[in-house]
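Please treat every number below as a calculation from the coordinates, not as lab data. Predicted model only: the values in this text are computed from it and were never measured. When we count neighbours, we look across all protein chains shown, and the Cβ atoms used for this are built from the backbone with ideal geometry, even at glycine.
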Amino acid sequence: MLRRAWRIFAAVETSFWLLLLVSATLACGAYAMKAWPTVFQPLNNLLLQDWYDTVGKKHWEKIWWLCLLFLLLLLLGVNTAVCTWSRLAALLARRRSYDRRAFLLRISPSIIHLCFLAVLTGHLLSEVSGYNRLFTVQQGQTLHPSEELSLTVLEVHTEKYSSPEMLAGRVKNRSLLLHLHARDAEARQEVRYLEPILWKGYTFHLKMTHSEEGAPQAKLQVRQDPGLLLIGLAFGVMLCFLAWYFAQYPEAAKHQEIRAQRQEVLNGSSESVSPPSSGLQRQRPP
């Protein structure tokens, strides 16, 4: 039973069907998120379990695809791990038959797959652990996102369009000057739209929303993301190996062409040598 399950998860066909199902589930999710934004929009500002307790469990008919997506991603992770382990075991058993460069070239896809697993793990950590809250902020306001962090909004600066006439008076950008205070440090930092800041393991994102009256409103998202470092490191290693791996193709193709030419020469020389005689013909006695 275990061997059969191992063979199923080690098959490339399993990867193909899982990726196809993930794509179809994401297509359903794209439709659901557009159709019911009030259900899924809070997911951007809450941890997954907090969102489920407050919103998700009341709308099972709308979030079924999200549960299916997590299940499929789990199976895809198991499939990737089994395939990677099978390939690594085979390569390590023949390690001495390759030189260093050839071995590294063959093991690169497995390292890329391991980085993919690390990225998936990092995203899971980001969704279920750490801290994620959204605050409506005003000048002079003091917030206490956690026991070890407090912040005060010193200034709120709003930049508006002066031209063209169609955009005149509308908000172009907004920035907050924050006084951040932790147990062992304090600092002044400015956060702007699309320019978040990182401080003491926390990230601060300024978002533009609109109040019920339609007026633009500044909101500050404070996150402590334990998966961010893992995602960044794994993605960086993956890019390095991808760049190095594809850079080897021209040289590898050249060596393969040389080997093919040598093989043709050897085949031609062997054909030019006449086969040995099968033996002298027997003479009939007189």
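In this model, which of 58/207; 57/207; 172/207; 34/58; 34/160 are farther than 21 Å apart at the alpha-carbon? Can you show the working numbers first?
Details: 58/207 27 Å; 57/207 27 Å; 172/207 13 Å; 34/58 18 Å; 34/160 30 Å.
Going by Cα-Cα distance, 58/207; 57/207; 34/160 fall outside the 21 Å limit.
With the simple model of a label 7 Å out from the Cα in the direction of the Cβ, residue 199 to residue 70 spans 3.3 nm. Each label was represented as a point 7 Å from its Cα along the Cα-to-Cβ direction; for residue 59 and residue 267 these points are 6.4 nm apart. Each Lys and Arg contributes +1 and each Asp and Glu -1, all at the Cβ; summed about the Cα centre of the stretch 2-93, the dipole is approximately 260 debye.
If I stretch the segment between residue 38 and residue 6 completely, what's the gain in nm (0.36 nm per residue apart, minus their alpha carbon distance), one decimal? Working shown, then result.
Numbers: separation 32, 0.36 × 32 = 11.52 nm, distance 4.19 nm.
Length difference between fully extended and current span is 7.3 nm.
Only one residue of 203, 176, 135 has its Cα farthest out toward the positive end of the dipole of the stretch 133-224, where Lys and Arg carry +1 and Asp and Glu -1 on Cβ, and that residue is 203. Taking the Cα centre of the stretch 133-224 as reference, the dipole from Cβ charges on Lys and Arg (+1) and Asp and Glu (-1) amounts to some 200 debye.
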